[in-house]
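Enquirer: Provided herewith is a single structure, encoded as structure tokens, for subsequent inquiry.
Every number in this text was worked out from the coordinates using simple rules, so none of it is lab data. Not measured: the values here are computed from a predicted model. Backbone-built Cβ (ideal geometry, glycine too); neighbour counts: all protein chains shown.
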Amino acid sequence: MRKIPWDMPLLLAAGALSCISLIALASAAATLNPSLVWRQAVWVGVGMGVAWLMASVPYPKWLDLAPVWYAGAVGLLVIVFIAGTMKLGATRWLTIVGFSLQPSECAKLAVAFLLARSLGHRSAPLSWRDLAGSALVAGLPAVLIFLQPDLGSSSILLAMWLGVVWVAGIAPKQLLLLGIAAAAVTPIGWHALKEFQRLRLLAFINPHADPLGAGYTIIQSQIAIGSGGFWGRGWLSGTQSQLNFLPERHADFLFSVIGEEWGWWGAVLVVACIGCVIWRALAIALRNSESQGRLLAAALVSWLGYQAVINIAMVMGMVPVVGIPLPFVSYGGSAMVMTWTAVGLLQSIHRFGTRF
Amino acid sequence: MPSRLIWFRRVLVAALACLVFRLAGLQLWEGARYRALAERNRVRVVPEPAPRGRIVDRHGRLLAATRPIFRVAAIPQEFSSETRWRWRESAQRAGTVSRAEAFARLSPFVGVPPAELEQRFRAQRTLPFVPATIVPEVTKLQALQIAEAHLELPGIVVEPVPVRDYPLGSAAAHLIGYVGQPTEEAFPVLKQYGVRPTDAVGRSGIEKEFEAYLRGRSGGSVIEVDHRARQVRLLGRREAEAGQTVALTVDAQLCSLIARRFGDQPGAAVVVQPSTGEVLALVSVPDFDPGLFVRQDRRELQRVLTDPQSPLLDRATMGQYTPGSIIKLLTAAIALQQHLVTPATPLPCLGYVQIGDRRFHCWNRDGHGPVTLREALTVSCNSYFLEVGHRLGLERLRAGFQRAGLGRRTGWVLGDQPGHLPPPSRRLTEGEATLLAIGQGEILLTPLQAAVMVGAVANGGWLMRPWVVKQIGERAIEPSAGVSLGWPRETFDRLREGMVAVVNAPHGTGAHAHSDQVRIAGKTGTAQTHVPGRPNGWFVGFCPVDHPVVALAVVAEHGGSGGELPSLIGKAVCEYVAAHPEAVSSPEEAGAS
């Protein structure tokens, strides 16, 4: 068998994003905690190593392990309840020998695996039974994450499920009925939210209604991005970023720093790189004739695409601030390793998939 | 389904296109305006703290209120930066001085060294536009002087802020609790509700337990200012919402009266209304002034925190004491219940009782002779109750005590101690078990439990859940119903006869509580402690005898005989209530009658 090389555009775009992340972080963390850059660099390295490992093994082997991944991820989420460390008022991290692990990141990959495996051999249109089964696969960890409470991460699992069932062939009628059902239960969901989550959603509808709380962040983030103009204010020279106006600027709001210091061209460069990752990943899915691989690729694209779009829209005040990091860019060890793992898996699908 | 993948791609590409479009809108179209906002740092947050809800007593007297004071704050971004080479824009602003310079100029006005101001500034600063408090309180005169000199003091502002005030000082201090800056553990949660690290939140008592109602919601505005710090435009505003008033059932005057009668003697007293369980007074001595925590008077705080007598401890609900003879009321009730004695049967007191190989002495070593139940209560004869306890045995005693609420929390809203009874697994010798009948040995009681217990004697057998918050804002709180002890009325009539004699018979142990103004029933207790010759003195009782409106329990820690100070305090409470009938009825009822 001829050895198929890696998909270079995908790899280069992901690598470029990681480099941009490190450069932007060096500036954002300068007045925050300069050591974040080195830690992030280490995580990029670890992530690339894992990606290489994922890409060197045919993806069906990984799919065979799907139930194990899944059980492990759900187990970790349960442990978070019991032994999680309290951070930022929500229990999201597990501390294992000095490392903070965010189990919700592991859950994303586990759900992608199990969805692809369980829906892989179903013929379109999907039966209600298949829909319910797959909804359960994504729903169980989603509920556990929602209870942490982490609205953002649990919505990612939902988006992933939607993406997979769409590609697997959900009938438009089914989709419509699900939409109506979701609209009907929304008022109940509103009551399940914590008060600060409700405030955030309300602050999105009108940021000026709560200028001190959630709205403050949105106003400051918009000022940061807007003040960048076309050329940006220069690396290390954004007043919004450097003078502590932007909370969480190393993590969820790192894109605002890029927008302020690099300007329009920098922000568009980031969007273009993400577009490239998505485009190549979808091309891999399209080329693959084997349905499990195609679904797995679709799941990974939904995950990365949803996160990227929602994060950037969020920092520009287009959607509520729900705490979703920008893939490859935001600071965070678990997230960085997991996004690179996704890249590795896509490469594996590219290299070992059967082609049309 | 390749066609579906293509749709998928279209959606994502469209989404990314939207983002680029929006970026162009923000950065290219509106870029100049945002640049102006960012460059000049022209956004300022003006916080508007919510006035904290008041705490009032049953007559509406202010126990905790909010009073405006002046504080001095520094606005972080108003100072020229020491690292100015880095931020071209901020260095160019005219009229600014460095923080060190500003603090040096401010120092003489407030009498605080500049280094101390800098230290406080670093500890307090939170968000860039939010002023950091550097002097928590200045006099009105100082405030005026600083305001006049504002041109020399750029970046320094004087602002009026509401602070907690406790007009009655230490009255009911343990109940009210105090406020302070949030603890590190509590802050992450409180932060979600808009609490800032410098805000005062409830740290104990009602202030802590009812924090959510008292806090209200702080407001503020975000404004755009020009280079002279004048407001150009309002970017957003949220009205502050005042906290709700919490009305308690206690009578502040009665609390103060009791505390005065204790003087330097440590102890506690609880006065309840037997029909409802309303707490009319809850006093723990020594007490403290909750205002100390607001003023942050370090020397005084240090004294309170390190005082070996623990003034912060609420002895009334958290202090657990050996009950001594007051428990004889329960022993008598249980024995009557089991028909082990009748009110008329006399038992002989020889001055001692022989149980197994141990001999227990009555406090009267000469013996009281043959005594009936009433007489035994009147003179608090140990022999009688040891004999009764011996006949009852450990299991029946324990079951009866448990039924009367011993060894169990009362359901007190602020949390209380359960007291102690020997657990069923515990093997006690016959002698140890019998001693429980006279309230010695492995048995502990909080003053609150004692008050609930004697309240049940007064109201004919209902254990009431003590409650203290009668209204929050406009919402009245209903007391919960009591739990019946299930003992017949006559049992309590017999106890009452004995208790009347304790106070009103010339040789009764509680004769000091006798009053010409009101007929009082009571029982004293003098419980041995680990300090020889320094027993805990108890008085429990109620008045008026026929239609009890108050029941009370008083304990004097290592304060000698219950017939002395505790009985006198009991008498003082009863006379106060007799002289102020309106004190125990609610204002509406008083108005109706």
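Enquirer: Using a 10 Å cut-off on Cβ atoms, rank the peptides B:109-122, B:317-330 from the highest mean neighbour count down. Numbers along the way, then the final one.
Expert: Values: B:109-122: 15.6, B:317-330: 25.4.
The most tightly packed comes first, giving B:317-330, B:109-122.
Enquirer: Can you list the residues, at least 5 places off or on another chain, whose amide H is less than 5 Å from the amide H of B:GLY267, using H built in the peptide plane?
Expert: B:VAL285, B:GLU557
Enquirer: Name the helices (complete DSSP H segments) of chain B with a Cα length along the long axis of 27 Å or more and a Kyte-Doolittle mean of at least 0.0, or state none.
Expert: Values: long enough: B:2-24 (33 Å, 1.31).
Membrane-span-like by this criterion, though nothing is claimed about a membrane: B:2-24.
Enquirer: Would you compute, from DSSP H runs of 4+ residues alone, the mean residue ellipticity of the protein assembly as shown at 222 nm, taking -39500 (n - 2.57) per run and dividing by the full residue count, rounded to the nearest 500? Write out the running numbers ahead of the final one.
Expert: Values: 37 runs with 465 residues, N = 949.
Taking each H run of at least 4 residues, the total per residue is -15500 deg cm²/dmol.
Enquirer: For chain B, take every pair of Cα atoms, bin their distances at 20 Å starting from 0, and report each bin as a whole percent.
Expert: Calculated over all Cα pairs of chain B, the distribution is 18, 38, 23, 15, 6, 0 percent.
Enquirer: If you don't mind, there's one more thing I want to ask. Mean 1/r over all different Cα pairs, inverted: what Kirkwood radius does segment B:223-328 give, in Å? Mind showing how you got there, number by number?
Expert: On the way: mean 1/r = 0.0552 Å⁻¹.
Final number for the Kirkwood radius of segment B:223-328 is 18.1 Å.
Enquirer: Report Rg(Cα)/(2.2 N^0.38 Å) for segment B:510-576, keeping two decimals.
Expert: Values: Rg = 12.0 Å, N = 67, 2.2 N^0.38 = 10.9 Å.
That ratio works out to 1.10.
Enquirer: Once the other residues with Cβ under 11 Å from the Cβ of B:GLU497 are scored (Lys, Arg +1; Asp, Glu -1), what is the net sum?
Expert: 0
Enquirer: Under 5 Å between amide H atoms, partner at least 5 residues away or on a different chain: which partners does B:ARG203 have, H built in plane at 1.01 Å?
Expert: B:TYR178, B:VAL179, B:GLY180, B:LYS208
Enquirer: May I ask you to work out the translational diffusion coefficient for segment B:135-222 at 25 °C, viscosity 0.890 mPa s, via Stokes-Einstein with Rh from the Kirkwood sum over Cα pairs, reported in whole µm²/s?
Expert: On the way: Rh = 15.4 Å.
Translational diffusion coefficient: 159 µm²/s.
Enquirer: OK, next. Does segment B:361-458 classify as rounded, prolate or oblate by the C-alpha gyration tensor (a ≥ b ≥ c root eigenvalues; a/c under 1.5 gives rounded; else a/b over b/c gives prolate, otherwise oblate)?
Expert: Details: a/c = 2.40, a/b = 1.49, b/c = 1.61.
It comes out oblate by the Cα gyration axes.
Enquirer: Another question about this same structure. Classify segment B:375-523 from the C-alpha gyration tensor, please: rounded if a/c falls under 1.5, else prolate or oblate depending on whether a/b exceeds b/c.
Expert: Working: a/c = 2.10, a/b = 1.18, b/c = 1.78.
Oblate shape, in that a/c is at least 1.5 and b/c is the bigger or equal ratio.
Enquirer: Next question. Specify whether the C-alpha gyration tensor of segment B:373-416 places it in the rounded, prolate or oblate class, a ≥ b ≥ c being the square roots of the eigenvalues: rounded for a/c under 1.5, otherwise prolate if a/b is larger than b/c and oblate if not.
Expert: Verdict is oblate for segment B:373-416.
Enquirer: Considering only chain B, what is the antiparallel percent among its DSSP beta bridges, to the nearest 5? Intermediate values should be presented prior to the final figure.
Expert: Details: 73 of 77 bridges.
Antiparallel bridges: around 95 percent, rounded to the nearest 5.
Enquirer: Additional query: Only Lys, Arg, Asp and Glu count, each charged at its Cβ (+1, +1, -1, -1), so figure out the dipole size of the protein assembly as shown about its Cα centre, rounded to 20 debye.
Expert: Values: 88 positive and 68 negative charges, 698 e Å.
Charge dipole of the protein assembly as shown: 3360 debye, to the nearest 20.
Enquirer: What span do the alpha-carbon atoms of the protein assembly as shown cover on each of the three principal axes, reported in whole Å from largest to smallest?
Expert: Ordered largest first, the protein assembly as shown gives principal extents of 113, 75, 52 Å.
Enquirer: Just to check I understand the Karplus step: with θ = phi - 60° and J = 6.51 cos²θ - 1.76 cosθ + 1.60, what whole-Hz values come out for segment A:290-300, glycine and proline as x?
Expert: After applying 6.51 cos²θ - 1.76 cosθ + 1.60, I find 8, 6, 4, x, 5, 5, 4, 4, 4, 4, 5 Hz.
Enquirer: Can I ask one more? Assuming a viscosity of 0.890 mPa s and a temperature of 25 °C, what translational diffusion coefficient in µm² per second does Stokes-Einstein assign to segment A:242-356, Rh being the Kirkwood radius over Cα pairs?
Expert: Values: Rh = 15.1 Å.
For the chosen part, D equals 163 µm²/s.
Enquirer: What number comes out for the charge environment of B:MET318, summing +1 per Lys or Arg and -1 per Asp or Glu over other residues with Cβ under 12 Å away? Spell out each step's value before the answer.
Expert: Working: positive: B:ARG315, B:ARG409; negative: B:ASP314, B:ASP416.
Around B:MET318, the surrounding residues sum to 0.
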